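S.K.: Supplied in structure tokens, the structure appears directly below.
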Amino acid sequence: MTADSEAMEAVRLTQQMVRIESSNPGTYEEAMAVFVSEWLSRNTAAEVRREPVHPGRDNVTAVLRGESQAHNLTYICHMDTMPAGEGWDTPPFAAEIIDGKLYGRGACDMKAGLAAAMIAFRNLSRLGRPLRYDFQLIATVNEEDAMTGAEQAVRDGYVNADSYVLDAEPTDSRIQVAHKGKTWFELTTRGKTCHASMPQKGCDAIAAMAEIITRVRQKLADLPVHPEMGPCTATFGTIQGGWNPYIVPDACKATLDMRLVPPVSNAQSVALVQEAAAEGLAAVPGVTCDCVVTAQRPAIEKDGGSFLLKKLRKAAAEVTGGELPVDFFPGYTDTAVIAAMTGCRNCMSFGPGSLEQAHRPNEFVPCGEIVRSAAVMTRLAEDILL
């Protein structure tokens, strides 16, 4: 196999996996788990397992045993994607390559990254040399929802505070070492219906929700701005309420996604929303509000002295010929879950593609970035393990 054909192997592997639908919600990850586990079993000397997370939804784990159990190097990538949706110019599961870009649902988020990790893992296995530490590849389920696959990997003992953990999420040619925290809410206001010509006889649940939303946004603007991660943010992603234009609405439901930067904690975000709700209800007497926290994760700060960061910067520089920028990941990833659950200070992201392409029609990843990521991840593993 020539160097060029070996480099393009990661691109071909990405194409194969994009053609396997694994939408969440939708078809989920079963077919991907079969493909990934069979590929790893055929192409590596690793111990390959399917680890149940939900019925019919298994993490795939592969382990190359090292001489010491003190640490492990773990590449973790998720197998699920968002649903394809509408508005595509090319079939979302055709994995077509046009002008050096591979198109398809999951192309950048994150089947290209998974392919790069699989090739790097295979490359180390092929060397047949003793490893300092265990080398692990974990392909997770349910990252696009509650991230229960990563949680299960922690509970199963694959990763801990002494692990070196890298995910291959799309990072725009950057090394990303910190994450904003998040708190998700479901807010429900309840009032009293009446005819719209006599609104004073009712209690407007939508008006109360509007007051709450306004106050959340006002209070958010007063929170500290992190020097690297920027401000906390709030997105009211959905809102439902009312019957028709002629009836004062008696119920309204909204969802809120708050992204948090240090020093703001999840507890502080809950207190902020509860305070905003109390003030909003005072402005619309007679309405009540239920505030339910549906998910929360803490912010993960950068550790400038991280061993993995030092080694990843070195590997990237050797492959690319230059220093790559280091910043934070704007969303939340499997490595952030691991950092939050274990206290691990060596969890970060580096992978092909741009997060701006994720979850959109015509999602794509540049083929050259897939090849480069596989090379960086191979070099990183060699440097740490050999």
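The values are calculated or read from the model by the stated rules, or taken from the named source; none is laboratory data. Everything numeric in this text was worked out from a predicted model, so none of it was measured. Counting neighbours? That spans all protein chains shown, and the Cβs are built from the backbone with ideal geometry, glycine included. These accessible areas exclude ligands, DNA and RNA; they are computed on the full protein's heavy atoms, side chains included. Shrake-Rupley method; radii C 1.70, N 1.55, O 1.52, S 1.80 Å.
S.K.: In the range 198-249, how many are closer than 25 Å to Asn266 by Cβ, open to solvent by less than 20 Å² (accessible area, probe 1.4 Å) and part of a loop (DSSP other than H, G, I, E, B)?
M.R.: Residues flagged as closer than 25 Å to Asn266 by Cβ, open to solvent by less than 20 Å² (accessible area, probe 1.4 Å) and part of a loop (DSSP other than H, G, I, E, B) within the range 198-249 amount to 2.
S.K.: Can you tell me which residues in the range 19-35 are in a helix (DSSP H, G or I) and either in contact with an Asp or Glu (Cβ under 9 Å, 6 or more places away or on another chain) or surrounded by fewer than 17 Cβ atoms within 10 Å (Cβ to Cβ) (or both)?
M.R.: Result: Glu30, Ala31, Met32, Ala33, Val34.
S.K.: One residue is enough: does the range 178-193 have a residue meeting the conditions more than 27 Å from Gly106 (Cβ to Cβ), modelled with pLDDT of 95 or more and not in a strand (DSSP E or B)?
M.R.: Scanning the range 178-193 turns up at least one residue that is more than 27 Å from Gly106 (Cβ to Cβ), modelled with pLDDT of 95 or more and not in a strand (DSSP E or B).
S.K.: Run down Thr335, Thr294, Thr342, Thr320 and say which single residue is crowded, with 24+ Cβ neighbours inside 10 Å and hydroxyl-bearing (Ser, Thr, Tyr). Before you say what the answer is, go through the steps one by one.
M.R.: Values: Thr294 fails: crowded, with 24+ Cβ neighbours inside 10 Å; Thr342 fails: crowded, with 24+ Cβ neighbours inside 10 Å; Thr320 fails: crowded, with 24+ Cβ neighbours inside 10 Å.
After ruling out the rest, the residue left standing is Thr335.
S.K.: For the structure I just gave you, tell me whether Ile76 is of a type in the set (Val, Ile, Thr) and touching a strand residue (DSSP E or B) at 6+ places or on another chain (Cβ under 6 Å).
M.R.: The answer is yes for Ile76.
S.K.: Kindly indicate whether Lys101 is more than 15 Å from Val48 (Cβ to Cβ) and open to solvent by less than 10 Å² (accessible area, probe 1.4 Å).
M.R.: When the stated conditions are applied, Lys101 does not pass them.
S.K.: Could you check the range 61-120 and list, in sequence order, the residues that are within 13 Å of Glu169 (Cβ to Cβ) and either modelled with pLDDT under 95 or part of a strand (DSSP E or B) (or both)?
M.R.: Tyr75, Ile76, Cys77, His78, Thr81
S.K.: Moving on to the next point. Note down all Cβ pairs under 6 Å where the first residue falls in the range 165-176 and is outside any loop (DSSP other than H, G, I, E, B), the second is small (Gly, Ala, Ser) and crowded, with 24+ Cβ neighbours inside 10 Å, and they're at least six residues apart or on different chains.
M.R.: Note: pairs meeting the criteria are Asp167/Ser349; Gln176/Ser349.
S.K.: Look at the range 252-272 and say how many of its residues are out of contact with any Phe, Trp or Tyr (no Cβ under 6 Å at 6 or more places or on another chain) and open to solvent by less than 40 Å² (accessible area, probe 1.4 Å).
M.R.: Final tally of qualifying residues: 10.
S.K.: Hey, does the range 131-148 have a residue that's part of a helix (DSSP H, G or I) and either open to solvent by less than 10 Å² (accessible area, probe 1.4 Å) or touching a strand residue (DSSP E or B) at 6+ places or on another chain (Cβ under 8 Å) (or both)?
M.R.: Yes, that holds for at least one residue.
S.K.: Just for the range 185-196: of the residues that are open to solvent by less than 80 Å² (accessible area, probe 1.4 Å) and not aliphatic (A, V, I, L, M), which one is farthest from Val264 (Cα to Cα)?
M.R.: Pass one, the range 185-196, residues open to solvent by less than 80 Å² (accessible area, probe 1.4 Å): 185-189, 191, 193-194, 196.
Now narrow it down to the ones that are not aliphatic (A, V, I, L, M): 185-186, 188-189, 191, 193-194.
Working: Phe185: 16, Glu186: 20, Thr188: 24, Thr189: 26, Gly191: 32, Thr193: 38, Cys194: 41 Å.
Filtering first and then ranking leaves Cys194.
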